[in-house]
Amino acid sequence: MKADRIVALLFILPSLILVGIFIYGFIGWTGWVSMVNWRDVFPDFTFVGLRNYSRLFEHFRFAISMKNTLIFTILFLLASIGIGLLLAILLDRKVRFEGFFRTVYLFPMAVSFVVTGVVWRWILNPGTGGESVGLNWLLEKIGLGFLKSGWYTDPNIGIKAVVIAAVWQMSGYVMALYLSGIRSIPTELYEAAQLDGANVFQLYRYIVLPLLRPVTLSAVIILGHISLKIFDLVFAMTGSGIGFSCDVPALFMYDTTFRGNYFSQGAAIAMILLLCVAALIIPYLVYSIRSEVRR
Amino acid sequence: MKASRVLLYLVLIIFVAFYLTPIYVLLMTSLKSFREISLSTMWIPPKELSFRSFSKAWYGDRSIGLRGLSGNFMNSIYLTVPATLISSVLGSMNGYVLTKWRFRRANLVFALILFGMFIPYQSVLIPLVQVLQKTKLYGSIPGLILVHCVYGIPITTLIFRNYYSTIPTDIVEAAKIDGAGFVKIFAKVILPLSGPAFAVTAIWQFTSIWNDFLFGLVVTPNPSVQPITVALNNLAGSYFVEWNVQMAGALITALPTLIVYIFLGKLFMRGLLSGSLSGM
């Protein structure tokens, strides 16, 4: 028995060592790099305290990228959750060819963000001449010409154009989350509500939506952390954009560190990004594991 | 049919159009010849089919110094397959210990592993590059395999742990009474039941490693070693590459994971749902 416990430990040990070094050790090291004076290809480990952070807070690009992330997160979450919930509710109304619809809605999840970026950059390309091309052409043809715009080339739109591509990619996933949530509601609840004379609207308002709250929480956490970290899509679709109108912290970190060789500042951006994600994820992890133990 | 049903199908079909639009554009653009390519005719089907864009995206074009994606496609295969297998095996070992041989603080250990799934990888990139350079793994496919194995551990552990906790502990206890030890129970009792979890994990890992961009970008600066996503971005980022070749490249990049999705969609879906912790 005792020998078995040791073997069990040996079984999990390689993973623990790898996770310990590559996740926690590396985060610690990044934290240290963010407090030294490493600003070119040769490391300089002179301790400077929080100077890199205070410099960062004064940096115009940091302010822009944080603002962009906030806008991106809000729009991306609202649109994805709205569309996902709508599609899940509609698909649950005994739809013919449900499997086909589900497959189409969810397939963008299987595609790389880079592919998404390349395609949407082409679709949202406003062209250089005066004529309407790409999506603008299509909008004009279907009578929605007033929606025409410069998309990601317009500094006033910038990151909001990237939201379209991100919603295209992720809203089907939210649909899948909600659909599995709706399907796990016991049918007796529906029957009881119908016996009480509830109509379809009341059924959703008072039975389904309240029971879907945990799903919404999951969706907010998952989409939220993806949104804070978003990199591939922006990198492939627009880059940081005109006047940094498409810039995000992950891109700023990459440019600072691997193009500008200002490693300490890059590490500081990474640490702030990590703190934002941790503030979102840790309470959720603790809650999930506690509620599992209670069961 | 009632008006409300018509409306319902109308909305569903409008969304089908939304999700399929990029695929339509990809196909229409990549099947055109260079002469037919222009932003203003993006939505119009090609007058004559041309597959030259695909051969150009795949083989490249020496005369203009364009690298084809064929080598990078193979790089992605060489790194995705072993990384998928190794991280799945590690996940199954961890899941087994965390459910059937629980030790004190097992939940804390699990939470610490799981947190790795959510971190922004920017927070490990600098030491990662330093360590890979020191160990001569920087810029190599084995280096990328190592990276994907390590950062795949959280999700594979999660999937296997959730799956193994549905296997009754009584089976394990009975095997113990029969005198079976830790390894024997794993090999004779747990592994034979693990098929579905391996399928879900393998599909999940294959998709996310194939689609990875950040690690490929940072760990492999040499174009001949880069995975296909990075090569596609380079292809699409150079101004002299025509749009039809870019779209053909995007299709080639997306094809393997799309095929997996179309044929094994159910398993892909299960991976997605477990990634949301909703199985907990």
Checking A:Asn125 against (1) part of a helix (DSSP H, G or I); (2) more than 24 Å from B:Ile13 (Cβ to Cβ), only one condition comes out false. Which one?
(1)
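Among the residues of the range A:183-197, write down those that are surrounded by 12 or more Cβ atoms within 10 Å (Cβ to Cβ) and of a type in the set (S, T, N, Q).
Looking only at the range A:183-197, we keep the residues that are surrounded by 12 or more Cβ atoms within 10 Å (Cβ to Cβ), and these are A:185, A:189-190, A:192-194.
Once the filter is applied, which keeps residues that are surrounded by 12 or more Cβ atoms within 10 Å (Cβ to Cβ) and of a type in the set (S, T, N, Q), the range A:183-197 yields only A:Gln194.
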Matching entry among B:Ala199, B:Ala175, B:Ala236, B:Ala180 (being buried (at least 16 other Cβ atoms within 10 Å of the Cβ), assigned by TED's automatic domain parsing to the domain that holds B:Thr80 and touching a residue at least 60 places away in the same chain (Cβ under 8 Å))
B:Ala199
How many residues does the range B:78-127 hold that are of a type in the set (A, V, I, L, M), closer than 30 Å to B:Glu173 by Cα, more than 7 Å from every other protein chain (Cβ to nearest Cβ) and under 18 Å from the mean Cα position of the chain (by Cα)?
3
Touching a residue at least 40 places away in the same chain (Cβ under 8 Å), within 26 Å of the chain's Cα centre (by Cα) and surrounded by fewer than 16 Cβ atoms within 10 Å (Cβ to Cβ): is that true of A:Gly31 in this structure?
yes
Can you pull out every residue in the range A:33-51 that is among the hydrophobic types (A, V, I, L, M, F, W, C) and either at positive phi or not in a loop (DSSP other than H, G, I, E, B) (or both)?
A:Val33, A:Val36, A:Phe47
Run down A:Gly134, A:Gly127, A:Gly145, A:Gly158 and say which single residue is free of Cβ contacts under 8 Å to residues at least 40 places away in the same chain and more than 8 Å from chain B (Cβ to nearest Cβ).
A:Gly145
Can you name the residue in the range B:28-61 that is in a helix (DSSP H, G or I) and hydrophobic (A, V, I, L, M, F, W, C) and is also surrounded by the fewest Cβ atoms within 10 Å (Cβ to Cβ) among such residues?
B:Phe34
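Step by step: first the residues of the range B:68-104, then only those that are aromatic (Phe, Trp, Tyr) and in contact with a helix residue (DSSP H, G or I) (Cβ under 6 Å, 6 or more places away or on another chain), then the one that is surrounded by the fewest Cβ atoms within 10 Å (Cβ to Cβ). Which residue is that?
From the range B:68-104, those aromatic (Phe, Trp, Tyr) are B:73, B:78, B:96, B:101, B:103; that's our starting set.
Those still in the list that are in contact with a helix residue (DSSP H, G or I) (Cβ under 6 Å, 6 or more places away or on another chain) too: B:73, B:78, B:96, B:101.
Values: B:Phe73: 19, B:Tyr78: 16, B:Tyr96: 25, B:Trp101: 19.
Out of the qualifying residues, it is B:Tyr78.
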Answer yes or no: is there a residue in the range A:267-279 that is more than 9 Å from chain B (Cβ to nearest Cβ) and in contact with a Ser or Thr (Cβ under 8 Å, 6 or more places away or on another chain).
yes
Scan the range A:1-54 residue by residue and report those that are touching an Asp or Glu at 6+ places or on another chain (Cβ under 9 Å) and at the interface with chain B (Cβ under 10 Å from one of its Cβ atoms).
A:Trp38
Please go through the range B:105-146 and give me each residue that is in contact with a Pro (Cβ under 9 Å, 6 or more places away or on another chain), surrounded by 17 or more Cβ atoms within 10 Å (Cβ to Cβ) and of a type in the set (S, T, N, Q), ordered by number.
B:Gln122
So, in the range B:168-222, of the ones that are outside any helix (DSSP H, G or I) and small (Gly, Ala, Ser), which residue ends up nearest to B:Gln122 (Cα to Cα)?
B:Ser194
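The values are calculated or read from the model by the stated rules, or taken from the named source; none is laboratory data. The shown structure was predicted, so the numbers you read here are calculated from the model rather than taken from an experiment. Note that each Cβ is placed from the backbone with ideal geometry, even for glycine, and that neighbours are counted across all protein chains shown.
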